[in-house]
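Asker: Quick one: structure below, then a few questions.
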Amino acid sequence: MEHASDHWSIGIFVAVLSIIILYKIVTAQRGKPPTIRRIAGLNAIDEAVGRATEMGRPILMVPGIGGLDIPALQALNIFGYIGRSVARFGNRTILAVADPQLVGVGEEVIRDAYTSAGRPELFNAEDVRFLSDRQFAFASGVAGVIEREKVAASFLMGAFFAESLIIAEVGQRVGAIQVAATNQFTQLPFFIATCDYVLLGDEFYAASAYLSKNPTLLGSIVGQDYAKLLILIVVILGTLSACGVLMLPAGHVHDLLQRFMDLFKS
Amino acid sequence: MSADYLHHLLLPKLLLGAIGTIAILSLVFRENKLYRLFEHVFLGLATGYGLATTWTQVLRPKWWDPMVGGGEWIWILAAPLGLMFYGVYTKKFAWMARLIFGLYFGLAAGTVFQGFAEEYVPQIRASFKPLIAHGAVTAAMAVNNWIFVIILICVLVYFFFAFEQNSAVIKRSASAGRVMLMIAFGAIFGSTIMIREALLIDRIRFLLIEWLQLGHIFR
């Protein structure tokens, strides 16, 4: 197992990136919250909620199968926003979870959404369902819920793995408008093939920050952008160094460029 | 149909496996009572299995045995910590759950730093590629490296959120990045579908060859 401390240069690099993000979070909390560009897929959320209300059918939300992790929390953050919208229209929300720890947290998020929309009486604890913590059992459970409840919209956000296609395909078959977001690069193709809108990779986290308007999350997204910019600069410098090492004869400059590249060697 | 063959077809292990497979696959046509029954059986079995493996693979070897068998009674402290998670179900003890959830998130956030160093720094290092054909680097390799670097920059630009994509260069780079991503997703889709087909083939093989013993037809 590799630790950042095994290579001091990597440790410093990770620390610098962290400081940039922390600095942006702190400045966002103290000053005016930063703005981030709107993501196209977000328009689909209101569209899906509106359509479900017109059809009088419930909305399904699935925060992935990753357990109580960062993607699941980001998903619940977005679900809170969607839940308020659903509650305002007096519609029903079903939350299917694969981790027992998420039952309590999810229940609180959905209850809060209905309460803050002024419709606490519409919240039904039975609609927050723990199906299974086994991947394919969970997939078959969600497929059953989609088919029986004939959900009009389904939001699949969080960490998904091989079950992504099973769930999204059933949703497509019942004619549900589907919005998906995952940090799992390998599952994005399946969501793209079966869902109406997909938030790609980091867009998922940006969407959570954009919808919640939470200064901490917004600051974090802006900080991450600066961190990406730094990585981009490092990649360009590294590429130029690789060219220099290849072309230049042995000497001080050659050694300097090689040393720069070795800073990132693990 | 011989008595042996009939006996084989009705072997409980095989028969249940076959009915379960057919029931779950029947969702492809429509939701039905058989699917619903096996869905709930599947969910029930999975929950029971999960409970059993939590005890046999986690709690017993990592907590109970060291404590009771090995005399490491310090592990008893893990019990109240674990029980604190259940505080979420009562208003009175909800603060306990918040405490343990906070600790849990802190631990999870800490591991992200290590994860970054392990996962992304090697990727950054691997992206230092020479762009000029010289010495061991052939012209084809240089072209390949150019493609790699251009795609990397375009995709990174696509994922900038704090900056408005007003400039034509940035806008086009981001669009190109999106197109490149879609091409990559297409490739992943194709290769993963093949793996999924292998899973389906395995189930069909079970039904036709293991259960119905029709292997001779396919030889």
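Asker: Just need a number here: residues in region B:105-123 that are surrounded by fewer than 18 Cβ atoms within 10 Å (Cβ to Cβ), facing chain A (nearest Cβ under 7 Å) and not polar (S, T, N, Q). It would help to see each step written out before you state the result.
Answerer: Restricting attention to region B:105-123, the residues satisfying the condition of being surrounded by fewer than 18 Cβ atoms within 10 Å (Cβ to Cβ) are B:105-116, B:118-120, B:122-123.
Checking which are facing chain A (nearest Cβ under 7 Å) leaves us with B:108, B:113-114, B:116, B:118, B:122.
Next cut, not polar (S, T, N, Q) only: B:108, B:113, B:116, B:118, B:122.
Within region B:105-123, residues that are surrounded by fewer than 18 Cβ atoms within 10 Å (Cβ to Cβ), facing chain A (nearest Cβ under 7 Å) and not polar (S, T, N, Q) number 5.
Asker: Tally up the residues in region B:164-185 that are touching a helix residue (DSSP H, G or I) at 6+ places or on another chain (Cβ under 7 Å) and without any contact (Cβ under 8 Å) to a residue 12 or more places away in the chain, please. Explain how you work it out, then say what you get.
Answerer: Initial filter on region B:164-185 (touching a helix residue (DSSP H, G or I) at 6+ places or on another chain (Cβ under 7 Å)): B:165, B:170, B:173-174, B:176-178, B:180-181, B:185.
Right, trim to without any contact (Cβ under 8 Å) to a residue 12 or more places away in the chain and you get B:165, B:185.
Total satisfying the criteria: 2.
Asker: If we scan region A:227-242, do we find a residue that is facing chain B (nearest Cβ under 7 Å) and over 32 Å from the mean Cα position of the chain (by Cα)? Steps first, please.
Answerer: Initially, region A:227-242 is screened for residues facing chain B (nearest Cβ under 7 Å), giving A:228, A:231-232, A:234-235, A:238-239, A:241-242.
From what's left, over 32 Å from the mean Cα position of the chain (by Cα): A:241-242.
Looking through region A:227-242, at least one residue is facing chain B (nearest Cβ under 7 Å) and over 32 Å from the mean Cα position of the chain (by Cα).
Asker: Could I ask something else about it? Which residues, counting only those in region A:148-173, are of a type in the set (Val, Ile, Thr), within 11 Å of chain B (Cβ to nearest Cβ) and out of contact with any helix residue (DSSP H, G or I) (no Cβ under 6 Å at 6 or more places or on another chain)?
Answerer: If the condition is that a residue be of a type in the set (Val, Ile, Thr), within 11 Å of chain B (Cβ to nearest Cβ) and out of contact with any helix residue (DSSP H, G or I) (no Cβ under 6 Å at 6 or more places or on another chain), then no residue fits.
Asker: I would also like to ask the following. Being away from every other protein chain (no Cβ under 14 Å), under 22 Å from the mean Cα position of the chain (by Cα) and of a type outside the set (Gly, Ala, Ser) is the filter here, so list the residues in region A:27-60 that pass it.
Answerer: Step one: list which residues in region A:27-60 are away from every other protein chain (no Cβ under 14 Å), which gives A:29-31, A:43-60.
Imposing the further condition that a residue be under 22 Å from the mean Cα position of the chain (by Cα) reduces the set to A:29, A:43-49, A:59-60.
Matches in region A:27-60: A:Gln29, A:Asn43, A:Ile45, A:Asp46, A:Glu47, A:Val49, A:Ile59, A:Leu60.
Asker: Taking the conditions exactly as written (surrounded by 18 or more Cβ atoms within 10 Å (Cβ to Cβ), in a helix (DSSP H, G or I) and touching a strand residue (DSSP E or B) at 6+ places or on another chain (Cβ under 9 Å)), does A:Ile167 satisfy them or not? Spell out how you get there, then give the answer.
Answerer: Working: surrounded by 18 or more Cβ atoms within 10 Å (Cβ to Cβ): yes; in a helix (DSSP H, G or I): yes; touching a strand residue (DSSP E or B) at 6+ places or on another chain (Cβ under 9 Å): yes.
For A:Ile167, the condition - surrounded by 18 or more Cβ atoms within 10 Å (Cβ to Cβ), in a helix (DSSP H, G or I) and touching a strand residue (DSSP E or B) at 6+ places or on another chain (Cβ under 9 Å) - is met.
Asker: Condition check: surrounded by 15 or more Cβ atoms within 10 Å (Cβ to Cβ), over 27 Å from A:Phe136 (Cβ atoms) and in contact with a Phe, Trp or Tyr (Cβ under 9 Å, 6 or more places away or on another chain). Does B:Ile24 satisfy that?
Answerer: Details: surrounded by 15 or more Cβ atoms within 10 Å (Cβ to Cβ): yes; over 27 Å from A:Phe136 (Cβ atoms): no; in contact with a Phe, Trp or Tyr (Cβ under 9 Å, 6 or more places away or on another chain): yes.
Answer is no for this residue.
Asker: Next question, about the same structure. I need a count of the residues in region A:61-82 that are within 19 Å of A:Gly175 (Cβ to Cβ) and within 13 Å of the chain's Cα centre (by Cα).
Answerer: The total comes to 1.
Asker: Does any residue in region A:30-42 that is within 16 Å of B:Asn166 (Cβ to Cβ) come within less than 6 Å, Cβ to Cβ, of a residue that is surrounded by fewer than 18 Cβ atoms within 10 Å (Cβ to Cβ) six or more places away or on a different chain, and which pairs are these?
Answerer: Once the first residue is within 16 Å of B:Asn166 (Cβ to Cβ) and sits in region A:30-42, its partners that are surrounded by fewer than 18 Cβ atoms within 10 Å (Cβ to Cβ) give A:Arg37/B:Glu164.
Asker: Further question on the same structure: From the set of residues in region A:77-105 that are part of a loop (DSSP other than H, G, I, E, B) and within 14 Å of chain B (Cβ to nearest Cβ), which is farthest from B:Ala94 (Cα to Cα)? Break it down stepwise before answering.
Answerer: At the first step, the residues of region A:77-105 found to be part of a loop (DSSP other than H, G, I, E, B) are A:89-92, A:98-99.
Keeping just the survivors that are within 14 Å of chain B (Cβ to nearest Cβ) gives A:98-99.
On the way: A:Ala98: 22, A:Asp99: 19 Å.
Across region A:77-105, the extreme among qualifying residues is A:Ala98.
Asker: Just a yes or no: is a residue in region B:206-219 basic (Lys, Arg) and either surrounded by 13 or more Cβ atoms within 10 Å (Cβ to Cβ) or part of a helix (DSSP H, G or I) (or both)?
Answerer: Here is the first cut: in region B:206-219, the ones basic (Lys, Arg) are B:219.
Remaining after also requiring either surrounded by 13 or more Cβ atoms within 10 Å (Cβ to Cβ) or part of a helix (DSSP H, G or I) (or both): none.
Among the residues of region B:206-219, not one is basic (Lys, Arg) and either surrounded by 13 or more Cβ atoms within 10 Å (Cβ to Cβ) or part of a helix (DSSP H, G or I) (or both), which makes the answer no.
Asker: Could you check region A:198-266 for helices (runs of 4 or more DSSP H) lying wholly inside it with 1 or more residues that are touching a strand residue (DSSP E or B) at 6+ places or on another chain (Cβ under 8 Å), touching a residue at least 60 places away in the same chain (Cβ under 8 Å) and surrounded by 15 or more Cβ atoms within 10 Å (Cβ to Cβ)? Reasoning before the result, please.
Answerer: Numbers: elements: A:203-212, A:215-247, A:252-262.
The helices (runs of 4 or more DSSP H) meeting that bar are A:203-212.
Asker: Collect the residues in region A:124-139 that are touching a residue at least 24 places away in the same chain (Cβ under 8 Å) and in a helix (DSSP H, G or I), keeping them in residue-number order.
Answerer: Selection gives A:Asp127, A:Gln135, A:Phe136, A:Phe138, A:Ala139.
Asker: Let me ask something else. Inside region A:170-187, can you point out the residues that are within 14 Å of the chain's Cα centre (by Cα) and in a helix (DSSP H, G or I)? Can you show your working first?
Answerer: Initial filter on region A:170-187 (within 14 Å of the chain's Cα centre (by Cα)): A:179-185, A:187.
The answer is A:Phe185, A:Gln187.
Since every read-out is calculated from the coordinates, none of them should be taken as a lab result. Computed from a predicted model, the values in this text were never measured in an experiment. Reconstructed Cβ throughout: ideal geometry from the backbone, glycine too, with neighbour counts over all protein chains shown.
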